[in-house]
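*Asks:* Mind looking over this structure? Questions follow.
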Amino acid sequence: MSDQEYVIRTVVVDDEEPGRRILCEYLAEHPEIEVIAECANGFEAVKAVSELRPDLVFLDIRMPKLDGFDVVELLGDECPAVVFVTAYDEYALKAFEVHAIDYLLKPFTAERLSEALRRIRPELQAPRPVPATDLAEAARPGSDRLERILVRDGSRIHIIAVDRLDYVEARDDYVALASGGETFRKQQTLSQLEAALPPGRFVRIHRSYLLNVDCLARLELYAKDSRVAILRDGTRLPVSRSGYRRLRALL
């Protein structure tokens, strides 16, 4: 395919309309770029990328509810090549940790965008690493611990506040997140989630269970050296000997 025929299908994501307009005007000067969608928030971005499968996304970082890093996490293996666009330089290191091709700091010039585009074509043709979206590595600048968990269920996105998470159960290659009587499935290991959650509130009570201690009503002896945790809603979870020691250290 010649340079003239080569097309990079692109999605532009920015919650501010002037930012989208300026970026699209700059991109219009590059015939190899085809903007196939403009998105005003992270929810629209996840939907557009999942349905349209673009080659490239220009992704704003600071957006309400779902920020740019949330979008990358939710897309997982479906995430295309990313150029982050933001007015805040403190996110640069995190951007490259999730394998962004470039990082455009607003306000940028048409020349700076052209420089980014020169990098993009060879990057798109080379094998690209999977975005580093482990929750243990996803703390935002200024935040040490996870405050919410994002779960994608088809076209729906659930946002679970850590304060409302009752317990987590390991199941095969995913975890089941119990919150307010509902269970949500997420591709994540229990160990990764444990490392990201506040250690003073969540404790590993069993190799397969991570418990929010605020939800514990009482402990009962089940058998010799075996106990069961009774939650406030009546749920019963097994407690191993090592889990019991961890609980005693907290309670």
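Only the coordinates and a few stated rules stand behind these numbers; no lab work does. This is a predicted model, so every value here is computed, not measured. We place every Cβ from the backbone using ideal geometry, glycine too, and count neighbours over all the protein chains shown.
*Asks:* Determine, yes or no, whether A95 is in a helix (DSSP H, G or I) and among the small types (G, A, S).
*Replies:* Yes.
*Asks:* Among the residues in region 63-84, are any in contact with a strand residue (DSSP E or B) (Cβ under 7 Å, 6 or more places away or on another chain), of a type in the set (F, W, Y), part of a helix (DSSP H, G or I) and farther than 16 Å from V7 by Cβ?
*Replies:* Taking every residue of region 63-84 in turn, none turns out to be in contact with a strand residue (DSSP E or B) (Cβ under 7 Å, 6 or more places away or on another chain), of a type in the set (F, W, Y), part of a helix (DSSP H, G or I) and farther than 16 Å from V7 by Cβ.
*Asks:* Determine the pairs where a residue that is under 17 Å from A81 (Cβ atoms), located within region 49-67, has a partner that is part of a loop (DSSP other than H, G, I, E, B) and aromatic (F, W, Y) with Cβ atoms under 9 Å apart, the partner being 6 or more residues away or on another chain.
*Replies:* I61/Y88
*Asks:* Looking at (1) outside any strand (DSSP E or B); (2) over 24 Å from R152 (Cβ atoms), which one does V35 not meet, given that it meets all the others?
*Replies:* Unmet condition: (1).
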